[in-house]
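So the structure is just underneath, and the comments pick up after that.
Any read-out appearing in this document is the output of simple, stated calculations on the displayed coordinates, not a laboratory observation. All figures in this text were calculated on a predicted structure; none of them were measured in a lab. Cβ placement follows ideal geometry from the backbone for every residue including glycine, while neighbour counts extend to all protein chains displayed.
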Amino acid sequence: MIHSDPPLLNHYGALLCRSTQCDEPQSRLIMEECQLPLIDLRGLSSRDEMVRKACAAAIYRASSEWGFFQVVNHGISPRLLEKMRSEQVKLFQTPFERKASCRLLNNSYTWGTPTATCPKQFSWSEAFHVPLTKVSDEACYGEFTSLREVMTEFAAAMSKLARLLAGVLTENLGHGKEVIDNICDESTCFLRLNHYPACPISPEISGLVPHTDSDFLTILCQDQVGGLQLTKDSKWVTVKPNQDALIVNIGDLFQAWSNDVYKSVEHKVVTNAKMERYSIAYFLCPSFDSSIGSFREPSVYRKFTFREYRDQVQEDVRKTGYKVGLPRFLLKGTEDFTRSNKESNTRLYIPSITANS
């Protein structure tokens, strides 16, 4: 029998046998469900100035109070989203041996967590990590020609939406909307196609381990299975799916740039015992040499480039298995900040496939 799912159980079992030190993550069974702030983006194009300002204010508020929000009337058609989902399902149904061995989508396929040393660090999922520079490259797709057409259109639509939202957020910090266009390009932005197979063996296995995103912002298109959780008021809550909405979350770079006005919030995906889950994430990142500095003084963080931040994250993961993130870049005299944010910033593990996320 030909299997499309990777051998996650074998790898997890091996970790379980040799690990005695890592505590398991909290159960998916006891989490409070939440409704993320819902923002109608038609307000941004309204002729009424008060409506435009109210919509922008809702985006500022959600970014500072939640670090997450969901948007409707975002300009990406249901037809395109459905086509993308259909093509994604076909891609992940490809036999595992082919996904793992060929150069499909620029050899960007990963599964599980190769660097995991205990069950807590293991992600029960598989993914394709696709730089925008490769999205329209015919050589990456082989016979998946229809996937290339749809993903090219999808990436362009997500990029447009991400830049719109980032422009609103930068204006609130006193920058012009053009700042994002000047520092973000296709060389670093990427799509990640995710598949979370059903996991019947334990309710405590993570589909994606707790982490924060190392970008400006992320836009997520998910199905209705659910499983996304985030921290709110120092506890984990489950995000209720909304079939009409896309989810937006703030990344580390916007938290640093905004001097902690916007919050990059820890989040994870829990597994489902009976149902598989699909999602697609778009990550808005600056060019590697872009300088990230707080928009006002006194600054919480020292200035750094995206390359420096990414390299530090990868070094920490390589040496310790954990992402440290923003605390690495705190200026002296900000120890109180470190203590007050201890729970949200301590040793967040991220798998190697999410070194940029």
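Note on region 31-339: Rg/Rh from Cα positions, Kirkwood definition for Rh, rounded to two decimals, is 0.95. Here's the list of lysines a cross-link from LYS332 could span, going by alpha-carbon distance under 24 Å and ignoring same-chain residues fewer than 8 apart: LYS263, LYS303, LYS323, LYS342.
When region 31-339 is described by a simple charge dipole with +1 on each Lys and Arg Cβ and -1 on each Asp and Glu Cβ, the residue from SER258, MET50, ASN172 located farthest towards its positive end is SER258.
Note on the chain: with charges restricted to the Cβ of Lys and Arg (+1) and Asp and Glu (-1), its dipole about the Cα centre is near 300 debye. Sequence-ordered 3J(HN,Hα) estimates for region 235-246 from the Karplus curve with 6.51, -1.76 and 1.60 and θ = phi - 60° stand at 9, 7, 10, 9, 7, 6, x, 10, 5, 9, 10, 9 Hz, glycine and proline given as x.
Close amide H partners of THR115, meaning residues 5 or more places away or on another chain with modelled amide H under 5 Å apart, are SER352.
Amide H contacts of LYS323: LEU348, TYR349, ILE350, each under 5 Å away and 5 or more positions distant or on a separate chain (H built 1.01 Å from N in the peptide plane; Pro and chain starts excluded).
For region 125-165, the dipole from Cβ point charges (+1 on Lys and Arg, -1 on Asp and Glu) about the Cα centre works out to 280 debye, to the nearest 20. Here the sum of -39500 (n - 2.57) over DSSP H runs of 4 or more residues, divided by the residues of the chain, equals -10000 deg cm²/dmol at 222 nm, to the nearest 500.
Considering region 147-231, its Cα convex hull presents a mean projected area of 7.7 nm².
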